[in-house]
Every structure is written in structure tokens, then in C-alpha cells.
Amino acid sequence: MPVTCDVLINNVQLASMQDNGKPYGLIPNASVAIAHGNIVGIFAATDCPAIAKNTVDGNGAWLLPGFIDCHTHLVFGGSRANEFEQRLLGQSYAEIAQQGGGIRATVAATRQASAETLLHSALARAKRLCVEGVTTIEVKSGYGLDLATEIKMLKVAKQLEDHLELNIITTYLGAHALPAEYAGRGDDYIDFICEEVIPHIAKHKLADAVDVFCEKIGFSLAQCRKVFSAAAAHGLRVKAHVEQLSDLQGAKLAAEFQALSVDHIEYLAAHDVGCLKAADCVAVLLPGAFYYLNESQKPPIAALRQHNIPMAVATDLNPGSSPISSILTAMNMACVLFQLSPEEALRGATCHAAKALNLHKHTGKIAQGYAADLCLWDITHPVDLVYGINQYRPRCVWQGGRMRQAV
Ligand SMILES: [Zn+2]
């Protein structure tokens with residue numbers, strides 16, 4: 001019986017990221033049939049029963065899932081390039097912060113910027129991710145901190161979908177920094193987040209999840225617990241920046257709330273990793289921030305492997321600690337700096353990134369029933385994508401089964 005479909009991609013090597021016992025979920029010499037935006041069949045290229053209106057000959061190239069950047073802060077106002085220069089000329093973080101720099105500078109610029117200005121600059125950043133084959137981006141708020149600016153950021157993030165062919169997932173990160181107007185009143189700010197912002201965001205479906213920065217320079221365990229409780233009460237999943245600069249046991253708290261992911265985790269103790277397994281929580285590695293901060297403490301990779309915790313890799317694209325709009329560079333860094341294998345890095349930006357966003361039943365793999373978010377690469381092996389820096393661009397990208405226009 002012939003299978004009719006909309007698009008048939010013939011003669012490709014699949015790095016499917018399925019768990020089929022093969023590296024990269026390899027399926028050689030395959031054809032992939034797409035209908036109504038989803039993958040409806042994977043066949044041997046020599047014996048393909050599918051008939052399509054639109055057939056693409058892969059000529060033996062590699063087909064991978066579209067990349068998922070599961071941790072970014074790509075909507076923001078202003079630039080922090082001047083601070084990068086000041087630090088290299090010998091000024092300390094504390095001095096820069098005293099002059100109104102650091103995250104407070106980005107908050108001031110983001111509050112001041114119009115939605116149009118924010119959208120314009122965010123589009124440029126999202127485009128740079130798209131040209132590398134990214135099909136889903138998570139975007140966090142957290143540079144507004146007040147209700148109006150947080151809403152503005154979340155709406156701008158979602159508007160990227162109107163201008164680019166990609167999926168946007170939004171996360172409310174009110175507990176990112178203490179705004180100046182709440183100086184010395186951290187608990188009051190947490191009450192504002194829990195009693196005013198989270199109910200509003202849940203009611204208007206402005207965010208898919210709620211995030212916190214659990215750190216000495218961020219928010220305490222008790223404060224993060226309050227935010228998680230409010231999120232849970234409003235039916236929102238949580239994730240957390242934890243153990244980036246010190247070990248506050250934030251990962252354990254996040255696990256208690258069945259967090260989708262814990263992110264950074266350089267200071268997570270190896271003996272605490274087990275808590276993530278029970279919570280089915282993804283460990284999101286952010287080597288870009290590690291690199292920019294010239295950090296030396298590495299995440300507990302061996303323990304994560306031992307407990308079989310899915311590891312995702314993301315850019316953490318932000319103006320302060322990780323101005324990197326390249327998922328391929330983040331994957332390369334995860335290999336060089338954290339010694340991930342190329343397969344771990346590639347799964348980290350596909351199937352495991354999908355899980356960090358609770359999308360793993362729908363995208364992040366090339367499998368029957370999954371979204372046809374796909375990239376065709378003229379490479380000899382998937383390792384090529386992780387081995388070099390700035391070496392490859394996909395020949396073409398399908399977003400929900402539609403071939404994407406050049407961006
Ligand atoms: Zn972050």
C-alpha cells in the first residue's frame with residue numbers, strides 16, 4: 001500500500017536521536033515522509049512506499065532534528081560590551097556594579113526600550129540561531145522585574161514567531177535580580193512575584209514555566225521555595241538557575257518541585273545528583289557562561305552519566321555572562337570544556353533540550369509522530385557539527401514540515 005504524504009525526504013542518513021541502541025540513533029539510507037507537519041513514516045530508501053507532492057533528494061546527506069536552544073535571555077535592551085572592555089582594563093565586577101553596570105544596566109535599558117526596539121534586537125539574535133538550524137528557542141524574561149516590563153518581554157519573545165519560522169517557549173524569570181526599588185526588601189519582592197505577577201502570567205498564559213536564580217547574589221532557598229509554590233498553585237512548571245557560583249542546594253529544592261530542569265550546576269555536588277533522577281529532571285549545561293566567567297569548577301558530568309540524567313546544552317544567550325548566539329559553538333564548548341562526547345552534545349541540543357522544555361513527546365527526535373522540525377546537513381558525520389567552530393550551515397531546514405525560507 002503506498003503512503004501518501006506532503007513531503008518526502010529521500011536518500012538521507014538519519015541521526016534520529018532515537019534510543020535505538022545505535023550512536024546518534026543512526027538509521028542509514030532512509031526516507032522520511034511528512035504529512036500535516038509531522039513525521040508519518042521512516043522507510044528504507046531502497047524500498048520506500050511513500051508518494052509525495054514534494055520530493056527532496058538528500059543525496060546521502062545527514063538529516064538531524066532541528067536544534068532546540070532551551071535556555072536563553074535573548075530579549076533585552078542595551079549592550080554590555082562596554083563592561084566587557086572595562087573588566088579587561090582592570091575594573092572589578094563590584095566597581096562596575098557601583099557605577100550602575102551589570103544586570104541593573106540591562107534592567108534600566110530594557111524598561112526604557114519600546115516593544116518595537118526590543119523586538120528588533122531580539123529578531124537579529126534569533127535569526128543568528130535560526131541560520132544554524134535552531135527550530136525551537138526558549139526565552140526568559142527577567143530584565144524588567146516590574147509587571148509591565150516583564151509582560152512586555154514575554155510578549156516580544158512570543159512575537160518572534162510572527163517574524164521567523166520557529167517555535168518560542170517563554171519562561172517567567174522574575175526572581176532573576178532584586179530591582180532597585182525593592183533594595184533591602186527581598187521578601188517583599190518575592191511576595192509581589194507570587195501574589196501579583198505569577199497569577200497574572202498564569203491567567204493570560206504569558207509563560208510556559210517559571211524560573212528562579214537561586215544564589216547568594218540572587219534569591220535564597222526559602223524565597224525560591226515560595227516562588228515554586230506559587231507557580232505550582234497556578235499550574236506552571238518550574239526550572240531553576242542553581243549551583244552556578246556556589247552550592248546552596250537549589251537542585252534539591254527544584255527536584256522537590258519536579259522541576260523540568262536545573263541549569264548551570266557547576267557547584268552541584270556529585271553525591272546530590274541522584275535527586276534529579278527521582279524528579280525526572282534535566283541537567284542543562286551552559287558552557288558559554290562558564291567560558292565568559294573564566295570559571296574553573298565544572299559540572300559533575302561523571303555523576304550525571306552514572307545516574308543517567310539527561311544532559312541538555314544551551315547558549316544561555318544574554319548580554320552579561322554569555323553573549324553567544326550560536327548553538328553549534330555551545331555544543332563545541334560543552335565538548336572541549338566539559339568533555340561531553342559529540343553524541344552527548346548533539347543529544348543535548350535536540351532530544352534532551354526538548355525534555356527540558358517538556359516538548360520531548362513531540363519534538364527533538366526524528367521518529368514517527370514527531371514534529372517535522374528537521375535540518376539537512378552536507379557533512380560526512382554528525383561529529384563534524386561539533387568538531388569545528390563556524391564551519392557548517394544546514395542545506396535546508398523544515399519547520400513543522402514546511403521548508404523554511406532563507407533567514
Ligand atoms: Zn540563564
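The values are calculated or read from the model by the stated rules, or taken from the named source; none is laboratory data. In this text the structure is predicted, and so the values were computed from the model without any measurement. Note that each Cβ is placed from the backbone with ideal geometry, even for glycine, and that neighbours are counted across all protein chains shown. Surface areas here come from the heavy atoms of the whole protein model, side chains and all, with no ligands, DNA or RNA. Shrake-Rupley method; radii C 1.70, N 1.55, O 1.52, S 1.80 Å.
A few comments on the model shown:
- Test: residue in region 84-97 that is open to solvent by less than 50 Å² (accessible area, probe 1.4 Å) and either within 16 Å of the ligand (Cβ to nearest atom) or at pLDDT 95 or above (or both): no
- Residue in region 229-241 that is away from the ligand (no atom under 16 Å from the Cβ), open to solvent by less than 10 Å² (accessible area, probe 1.4 Å) and farther than 24 Å from ALA334 by Cα present: yes
- Selection count where residues are within 27 Å of CYS375 (Cα to Cα) and either open to solvent by 10 Å² or more (accessible area, probe 1.4 Å) or in contact with a strand residue (DSSP E or B) (Cβ under 8 Å, 6 or more places away or on another chain) (or both), scope region 139-163: 9
- Among residues of region 259-288, those that are within 15 Å of LEU248 (Cβ to Cβ), within 16 Å of the ligand (Cβ to nearest atom) and assigned to a loop (DSSP other than H, G, I, E, B), counted: 5
- The listed residues are ALA113, ALA124, and the only one of them that is among the aliphatic types (A, V, I, L, M) and either over 25 Å from HIS163 (Cβ atoms) or open to solvent by 30 Å² or more (accessible area, probe 1.4 Å) (or both) turns out to be ALA124.
- The helices (runs of 4 or more DSSP H) located wholly in region 104-206 that include 1 or more residues which are in the same structural domain as VAL75 (by TED's automatic domain parsing) and out of contact with any helix residue (DSSP H, G or I) (no Cβ under 9 Å at 6 or more places or on another chain) occupy 115-130, 147-163, 198-203.
- When region 320-362 is filtered for residues that are open to solvent by 10 Å² or more (accessible area, probe 1.4 Å), of a type in the set (S, T, N, Q) and either in contact (Cβ under 8 Å) with a residue 12 or more places away in the chain or in contact with a Phe, Trp or Tyr (Cβ under 6 Å, 6 or more places away or on another chain) (or both), the ones remaining, listed by number, are SER321, SER325, SER326, THR329, ASN332, GLN339, ASN358.
Residues checked against (1) over 23 Å from ALA349 (Cα atoms); (2) open to solvent by 60 Å² or more (accessible area, probe 1.4 Å):
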site: CYS5; (1), (2): yes, no
site: ALA15; (1), (2): no, no
site: ASP19; (1), (2): no, yes
site: VAL32; (1), (2): no, no
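- Index of the failed condition, ALA81 passing every other in (1) surrounded by 15 or more Cβ atoms within 10 Å (Cβ to Cβ); (2) assigned by TED's automatic domain parsing to the domain that holds VAL313: (1)
- Extreme residue, most open to solvent (accessible area, probe 1.4 Å), among residues of region 289-319 that are in contact with a Pro (Cβ under 8 Å, 6 or more places away or on another chain) and not in a loop (DSSP other than H, G, I, E, B): TYR292
- The one condition in (1) at negative phi; (2) open to solvent by 10 Å² or more (accessible area, probe 1.4 Å); (3) modelled with pLDDT of 95 or more; (4) of a type in the set (D, E, K, R) that LYS205 fails to fulfil: (1)
- Among the residues of region 62-78, the ones that are hydrophobic (A, V, I, L, M, F, W, C), open to solvent by 10 Å² or more (accessible area, probe 1.4 Å) and under 21 Å from TYR172 (Cα atoms) come to 1 in all.
- Every residue from region 257-274 that is out of contact with any Phe, Trp or Tyr (no Cβ under 7 Å at 6 or more places or on another chain) and surrounded by 20 or more Cβ atoms within 10 Å (Cβ to Cβ): ALA259, LEU260, SER261, VAL262, ASP263, HIS264, ILE265, TYR267, LEU268, VAL273
- Scanning region 50-80 for residues that are touching a Pro at 6+ places or on another chain (Cβ under 9 Å), small (Gly, Ala, Ser) and in a strand (DSSP E or B) gives a single hit, ALA50.
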